[in-house]
Amino acid sequence: MSVLDPVCGMKVEETTAYRSLYRGKVYYFCSQNCKKEFDANPDKYLREGPHVMKGCC
Amino acid sequence: MVGMHCATCVVTVSKALSSVDGVKKAQVSLASGQASVITEGVRLKDVVDAVRKAGYDVLVANVALRVDAGREELSSLRKKVEEIDGVVSVSFGDGVLKVMYNPYSLSPDQLVQQLKAMGIRASVSEGKSELPEVEAARAELRSMMMRLLVAIAFTVPTIALEFSGFPLYALLTSVPVQFYSGLTFHRGAWRALKNRTTNMDTLVSLASNVAWFYSVFSLAQGGQVYVDTAALLVTFVLIGKTVEAYVKSRAVTSVVRLQVSEAVKLVDGKEVKVSSSELKVGDMVILRAGSQVPADGVIDEGQIWVDESLLTGEVKPVVKGVGEALVGGSKVISGYAKLYVTRTGESTYLAQVLNAVREAQTARLPVQDTVDRVAAVFTPVILAASAGVLAFWLLRGFPLSAALFFAVAVLASACPCALGLATPMAVLTSVTELAKRGITVKDGEALQRLSKVRHVVFDKTGTLTEGRFEVRKVKEIVPGAMQAAASVEALSSHPLAAAIASASSAKEKVEGFMEFPGEGVYGKVGGHEVVVGSPSFARKNTDESVEECDVVVLMDWKPAALVWLGDKLREGVKEAVDELKAGHHVVVATGDSGTGARWIGKELGVEVVAGLLPDQKVELVKKLKEDGPVAFVGDGINDAQALKEADVGIAISTGTELAKYAGDIIMRSPAHLPYLMRASKLTVRKVRENLAWAFGYNSALVPLAAGLLYPAVYISPPVAALAMSMSSVFVTLWSVARK
């Protein structure tokens, strides 16, 4: 099943190794960069939705 | 190296080696009779030729290889083979390449492998794999003993005849002593003369020849003979040389003997006795109580208790069962097993240790440079002194025979060989002793540097500790939380997970398991949502505050348990560090920053520098070096940089590929560090004592022999020769005496 990367908005598979558990919910990412970005500031991305990022995907 | 007797020989051979174009560095050791040469673009043949030109020889081995190549290909093949490291020269006959090679750096099997890599099929057609150094040491001992026996057998009648008034017969019976037994000295002296240098042989040869030929001259004029002097001189010096050869051959064989042993091989279900050197990878051998493991391998069947002290330094036997690896040279204490051979010959662990030991034995301690400079001028000074003494007594109106007596005594009493043996003998003994305890010294000079070390820096994980984590403290807030956590962690492969998983033996069913690499795990256990992970991971998933610890367990998003982990100290580490603290500044450098770093500091009572990246460890070593020499004790691979930066790098490594590890010294556990420290101090002390003896001996005996206190005290030439010979015997035995 594919889901959205909360940072860049890309479609990613749930099988990816880039994931975070935040407030009891699992988030999936396209890359280590997006995961890092999310972990540093999870609330921002959950509040504002995906940003189109430079140098991410 | 063949034919080196004295410190001057070392200088001559070193000069010969260094004179070859492309030789960067040459180190020659008198005690081990070996040279190590660092070269760039040099054919080994030129190096060997240079040594031979100087009048010495290099021990080489020959092997004939059957090669699959046409006649016309042979000459291009020869060039290729001569480029292989360790090959001295190549000649060819009927489809056979005759290769002369250096047995220390190449074996026939390796040669065949190298050829195979070049696309040439070859096989060894003859040639036995005897151990060169053992053979050389034994041959020298045999030759010395033979000469000594002849010397004694003819010296006794010579003296009897001379003093009962048969000078002519005395002269005749002294011939075998002077010209067979003494030949080794005359030859050495001739070789030295050809190289325009002088050595101990010059002194002995000149002294005995002066006494002998003066006797002929004197007898012709109807006077007395002094052949007893010549004969005793040769005999006494030979006694010393024989003892020296014996000690050397014993030192060389004690470790090397381990390398070759008898093996019981299974061939079609039958037991066949073979030499371990004939074993091949894939052979099955039988191990029984009392036997020695003949090669590296894996146990295929059975169980045995083995003494692996050679590998681990630990004499206590350990049990080994099916699938476990053994190294050749270990002793089987009890039990029965079949061993599947995985490494033989040059690639075994033992062979690697021996190669490292050989390298280390040729090491020159810095003090040796001074000694060599002294030794180089020592003999000419003695020769001049002897001539001066002769002139002095003649001028004082003494007859020629009496003046010669003093001059010969001076020649016979001076002992340059004690100077030459002082350092290498002590290093050789130490390196060999350490190897027997599982401590491999790759750089002999490190032993001297180690004795001056002020700061000892330890890496923590895997060096002081076993690198296996265990739960040290648990604070369970919700009952049953640890059992749930253990159940979830059992599914993870993270190293810390194993520690938590083993905290509870009862496991529950886990649903929806998910791993977050480097952070933690999630799973549903008995209807509860369980999260186990680092404090930062936990904080993101709970609203409650989390205390500082190593691992947090959340149940239904609330802290349920807090866990503190610890690594276990290796056995004997605490005692070793306590002993080191007495004379050194001990620091633990670790990448850990949490509770583990504080724990080890408290446990060992030492300073801890925490949270260091590998290059920060290098910086720490650099900083400490400003205050005094530093030894770094760490992992041979991860800490390679710090090991190199330190004055002495000691790698704690459990693998069996020695060449892979950085460090001057490699050992299994820091528990043996105090032993190593004591050995290094002992080595330096022995060197000092040996040198003090050698210098003291010469400066006391030479003036006495010259007749300084005549007539109150004087030394006759035979007594002088005895003292000279005992001086080098003393240095040899003193180096070996370890208690």
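Throughout, read-outs are computed from the coordinates displayed, never taken from laboratory work. Keep in mind that what you see is a predicted model, and the values were worked out from it rather than measured. Using ideal geometry, Cβ is built from the backbone for each residue, glycine included, and neighbour counts are taken over all protein chains shown.
Note on the protein assembly as shown: helix-only mean residue ellipticity at 222 nm, from DSSP H runs of 4+ residues weighted -39500 (n - 2.57) and normalised by residue number, equals -14500 deg cm²/dmol. In this structure, the amide hydrogen of B:Gly572, modeled 1.01 Å from its nitrogen in the peptide plane, lies closer than 5 angstrom to no residue at least 5 positions away or on a different chain.
Equivalent-ellipsoid semi-axes (√(5λ), Cα gyration tensor) for the protein assembly as shown, whole Å, largest first?
68, 31, 25
Here the calculated FRET efficiency for B:Tyr340 and B:Glu529, from their Cβ-Cβ distance with R0 = 41 Å, stands at 0.25, rounded to the nearest 0.05. Dipole check for chain B: with +1 at the C-beta of Lys and Arg, -1 at the C-beta of Asp and Glu, and the Cα centre as origin, the magnitude is about 2280 Debye. Residues whose amide H falls under 5 Å from that of B:Ser291, counting only those 5 or more places apart or on a different chain, are B:Val332, with hydrogens built in the peptide plane. Segment B:Glu135..B:Ala402, full-extension length gain: 91.6 nm, with 0.36 nm per residue of separation and the alpha-carbon distance subtracted. Considering all different alpha carbon pairs of segment B:161-286, the Kirkwood hydrodynamic radius works out to 18.5 Å. This model, with +1 at the C-beta of Lys and Arg and -1 at the C-beta of Asp and Glu, gives the protein assembly as shown a dipole about its Cα centre of some 1860 debye. For chain B, the C-alpha radius of gyration divided by 2.2 N^0.38 Å, with N the number of residues, is 1.23. Here is the list for segment B:162-248: trypsin sites (Lys or Arg not before Pro) lying in DSSP coil, each with at most 13 other C-beta atoms within 10 angstrom of its C-beta, are B:Arg196. Between B:Arg454 and B:Val630, B:Ala631, the built amide H atoms are under 5 Å apart, and every one of these is 5 or more places off in sequence or on another chain. Each residue, B:Glu626 and B:Lys25, gets one label point 7 Å from its Cα in the Cβ direction; the gap between the two is 2.8 nm. Computed over Cα pairs, the Kirkwood radius of segment B:131-224 leads via Stokes-Einstein (0.890 mPa s, 25 °C) to a diffusion coefficient of 167 µm² per second. If the chain linking B:Ala160 and B:Met118 were pulled fully straight, counting 0.36 nm for each residue of separation and taking away their Cα-Cα distance, it would gain 8.2 nm.
Of the residues B:Gly182, B:Met200, B:Tyr169, the one whose Cα sits farthest toward the positive end of the charge dipole of segment B:134-234, with +1 on the Cβ of Lys and Arg and -1 on the Cβ of Asp and Glu, is B:Met200.
A crude spin-label estimate for the pair B:Leu709 and B:Lys436, with each label 7 Å from Cα along the Cβ direction, gives 4.0 nm.
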